[in-house]
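As structure tokens, the structure follows; a few thoughts come after it.
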Amino acid sequence: MLIPLMALASPQVGQLSATLDKPETQGFYRPKDALKLDFSDAVAPEWKPFIRLELDSIDVTEMVTWKSLSLRYQPVRAMSAEEHELRLMYYGEDGSVEELGYWTFQVRQTAAFKAITVEGNSELTANQRLAEHNMAGPEAFNASGFSQWYSELEADHLRIEGHADLEYVNRASQGTTGRHLDMTRMTLLAETETARVAAGDQQMGDTSLIMDGYQQRGMAGDVSLDDLQSDMRLFSMSSTRNLGLRDGIGLDDDDNRITGGRWQTRWEPGDSTEIQFSSTYLSGRVSSTSASKWSANPVNRVHDGDAWNAVMDGFFLDRSLRMRFEHATSRYDFDGRDFGFEAVEDNAWSGLITLDPEPSEAETPIHWSFGAEAQKVGAFYRSLAHRALPNDLYMRRLFVSGERDKWFWDTSFTVEEDNVDSNASYPTTETRRWNAQLGYSDYEEPEPGSILAYLGQPSYTLSLDRSRRKDLSTPSSYFPEDLTTEGVQFGASFQKERWNWSVDAGMERLTDHTGWQPDTDLQHLGWQLGLELSDSYYLTAGVQDTRTRYRAGGESTDQQLYSLGATAELIPDRLSARLDITLDHYNAEDDPYFAQRQVSRYASGQLNWTLRKADTNRPGLELTLSYSGNQLRDRLSGTDTLNEDQIWLKVQTTLPNLYPSTRP
């Protein structure tokens with residue numbers, strides 16, 4: 001009777017309570033601080049296997065140090081700067097679950113900053129040519145380096161973020177900016193809950209008729225007005241591409257600067273409807289150098305201009321229907337501000353409608369997507385921030401796509417016309433393009449014993465396209481244009497556990513209805529194989545055959561391309577090798593314009609030795625010995641032979657940096 005009575009008198013696990021020790025710093029823990037729990041009673045040895053400590057729903061009990069009245073957890077990796085959850089749980093043998101304690105706590109770097117982060121990755125490479133045969137270049141030694149850095153400071157109501165890319169080359173002429181060492185990209189950002197200011201390389205605006213959406217250097221500020229569901233952006237950016245540190249934030253040159261603003265608001269009239277309205281205005285200058293009659297006397301032209309647009313982008317019917325419309329106006333001085341002619345004003349507009357209806361209710365549903373878009377850009381429309389936009393163009397397009405189980409398809413039809421002003425001095429050309437694609441991809445394993453079980457898991461694609469470019473009107477001073485291109489492409493690939501292979505075939509037919517160029521047929525057939533010999537050895541092989549035939553005289557040119565590649569991991573994570581060989585046969589002896597018959601061979605190989613793998617705040621070191629050779633033989637004339645080889649030694653070191661370090 002003594003043992004049962006003592007068991008009744010001893011505390012039960014459900015009566016056990018614990019408290020989380022206060023951190024050494026006031027009100028928060030640091031990323032690597034230990035977490036200590038104190039118990040109200042001693043933890044019986046038979047309970048310990050069933051008590052688990054969970055940090056953010058992850059069981060960390062294996063890293064816990066036990067004492068009779070406490071336990072201590074030392075984080076293996078630094079905890080992130082945010083709020084965390086800690087639970088002490090009991091999972092009984094009988095399936096019972098009891099929560100013995102639950103706590104939330106904050107992790108910060110310092111009292112002033114929630115998080116301080118610095119991340120970087122640097123790479124330095126040196127190449128030395130050890131031997132060469134018939135090689136005139138490049139230089140026997142070259143070195144290059146690249147380093148990317150990211151930093152972040154986060155306080156309670158402010159976040160500061162920075163990006164920087166550094167580039168080094170031992171020859172300044174080979175650098176992106178023509179310098180040995182330079183900062184090719186840099187960005188500094190500061191933001192609060194309602195405002196944001198950024199300087200350096202950044203995207204100033206969305207892609208539209210007046211902005212190309214690419215990265216530019218400058219300054220931008222954003223203010224969010226949540227009560228009005230709108231935001232405002234002011235920006236000033238360089239109108240030319242800046243790459244180096246000496247260019248600063250890109251606003252030093254008055255003749256290469258664009259300034260503007262963008263306003264956007266959101267309206268939600270219903271649960272399934274959202275409409276966005278936006279408008280952007282920009283104004284500035286861009287300078288360019290063009291050659292006059294004598295290239296020794298270049299002319300510097302400074303072009304003034306401004307542009308504005310208005311955009312409506314709406315989502316309806318549970319976001320299955322989208323409608324976007326944009327109108328834009330530009331004013332651009334084409335000849336330059338000092339050359340007499342005034343700036344020219346013109347307009348552009350675009351529209352897009354897409355519909356993604358709910359899938360059909362069939363046992364195997366069909367997912368459809370329909371759309372139509374149109375765009376018209378005036379002959380003299382040009383924006384300083386989107387100079388690559390084609391002007392003098394009127395485009396309309398219809399497109400449909402869908403998928404059902406293992407099948408997918410899409411098709412589109414496009415009509416384009418130029419000379420939108422109907423200027424009788426220029427031709428009016430219409431281009432009609434049609435393309436369609438049908439595909440099948442089997443995601444299930446083939447049935448054992450079937451032919452596909454031997455060939456592999458299949459995937460097929462069939463593509464058809466046709467294009468007709470024809471003059472609707474042609475002035476007497478222009479050659480007429482009427483060209484048709486038709487093509488069909490087929491591809492099939494098969495996947496097995498240890499190997500994969502594919503075939504592709506196609507034909508393209510070119511017809512010039514004016515007779516200015518010969519009508520031709522282009523045919524190609526290809527085969528590729530990938531074979532995993534083992535976990536450490538992989539082999540690839542391929543054959544491509546291409547034939548071009550002139551339909552009028554029957555002449556043809558043929559080309560066969562053979563390729564072989566192999567990779568091997570000789571010592572896992574330490575020593576690897578690769579070999580590539582390409583053989584190219586080209587036969588055009590009966591070509592009516594340029595007879596040729598030649599064979600070329602290219603071979604390359606490398607042996608890579610990882611002396612030490614890179615790890616956080618610890619550099620890695622790799623050595624690579626490589627060979628490349630090129631041989632060319634002209635079998636028609638016997639001249640123009642080429643035979644060159646070279647051997648290189650490359651030394652590469654990589655250093656990933658991280659603060660605070662996440663290593664134990």
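Given just the C-alpha atoms of the chain, how large is their convex hull per residue in cubic angstrom?
Taking only Cα atoms, the chain has a hull volume of 301 Å³ per residue.
Tally up the carbon and sulfur contribution to the accessible surface of the chain as a whole percent, 1.4 Å probe, everything protein left in place.
Heavy-atom surface of the chain belonging to carbon and sulfur, 1.4 Å probe: 54 percent.
Tell me the relative contact order for the chain as a rounded percent, counting alpha carbon contacts under 8 Å between residues six or more apart.
RCO, the chain: 8 percent.
Stretch Gln12-His133 to full length: gain in nm at 0.36 nm per residue minus the Cα-Cα span?
Between Gln12 and His133, full extension yields 35.1 nm more.
With each pseudo-label sitting 7 Å past Cα toward Cβ, what's the His84-Ser96 distance in nm, one decimal?
3.1 nm
What shape does segment 104-250 have by the C-alpha gyration tensor, where a ≥ b ≥ c are the square roots of the eigenvalues, rounded means a/c under 1.5, and otherwise prolate means a/b greater than b/c and oblate the rest?
Oblate, because a/c is 1.5 or more while a/b does not exceed b/c.
List every residue whose amide H lies under 5 Å from the amide H of Asp421, counting only residues 5 or more places away in sequence or on a different chain, with H placed 1.01 Å from N in the peptide plane.
Ala379
Residue-wise, which Karplus ³J(HN,Hα) couplings in Hz belong to segment 611-625, taking 6.51 cos²θ - 1.76 cosθ + 1.60, θ = phi - 60°, and x for glycine or proline?
6, 8, 6, 6, 9, 3, 6, 9, x, x, 9, 10, 10, 10, 9
For the pair Glu274/Gln606, report the inter-label distance in nm, with labels modelled 7 Å from Cα in the Cβ direction.
According to this spin-label approximation, the distance is 4.5 nm.
Say a paramagnetic label sat at a point 7 Å from the Cα of Ser637, along Cα to Cβ; which residues of segment 588-615 have their backbone N under 17 Å from it?
588-600
Each residue of segment 78-91 in turn: what ³J(HN,Hα) in whole Hz from Karplus with 6.51, -1.76, 1.60 and θ = phi - 60°, glycine and Pro shown as x?
So the Karplus estimates, Gly and Pro as x, are 4, 6, 6, 7, 5, 7, 10, 10, 10, 10, 10, 10, 10, 10 Hz.
For segment 105-254, what is the accessible area per residue in Å² when the probe is 1.4 Å?
Computed with neighbouring chains in place, this is 53 Å² per residue.
Any idea what the relative contact order of segment 563-606 is, in percent, if you count C-alpha pairs under 8 Å spaced at least 6 apart?
Result for segment 563-606 is 35 percent.
Report the relative contact order of segment 511-664, percent, no decimals, based on alpha-carbon pairs under 8 angstrom and at least 6 residues apart.
Relative contact order comes out at 14 percent.
Please give the peptides 491-497, 189-195 ranked by average Cβ packing (other Cβ atoms within 10 Å per residue), highest first, as a rough proxy for protection.
Per-residue mean Cβ counts within 10 Å order the peptides as 491-497, 189-195.
Ordered by residue, what ³J(HN,Hα) values in Hz, to whole numbers, does segment 469-474 give under the Karplus form 6.51 cos²θ - 1.76 cosθ + 1.60, where θ = phi - 60° and Gly and Pro are x?
10, 9, 6, 7, 8, 9
Count neighbours as other Cβ atoms within 10 Å of each site's Cβ, and list the chymotrypsin sites (Phe, Trp or Tyr not before Pro) in segment 204-268 that are DSSP loop with at most 11 such neighbours.
Sites meeting the loop and neighbour criteria: none at all.
Obtain the nm distance between the two label points defined at Arg469 and Leu317 by a simple spin-label model: each point lies 7 Å from its Cα along the Cα-to-C-beta direction.
Placing both labels 7 Å along Cα→Cβ, they lie 3.7 nm apart.
Using modelled amide H (1.01 Å from N, peptide plane; none on Pro or chain starts), what sits under 5 Å from the amide H of Ser536, excluding residues fewer than 5 places away?
It is none; the list stays empty.
Please work out the C-alpha center-to-center distance from segment 124-166 to segment 337-377 and express it in whole Å.
41 Å
May I ask you to order 39-48, 621-630 by the average number of other C-beta atoms within 10 Å around their residues, highest value first?
621-630, 39-48
Starting from the eigenvalues of the Cα gyration tensor, five times each then square-rooted, give me the equivalent ellipsoid semi-axes of segment 440-591, largest first, whole Å.
42, 21, 14
The values are calculated or read from the model by the stated rules, or taken from the named source; none is laboratory data. As the structure is a computational prediction, the values presented were derived from the model and not from experiment. Here the Cβ is made from the backbone with ideal geometry for all residues, glycine too, and neighbour counts use every protein chain on show. All accessible areas refer to the heavy atoms of the entire protein, side chains included, with ligands and DNA or RNA removed. Shrake-Rupley method; radii C 1.70, N 1.55, O 1.52, S 1.80 Å.
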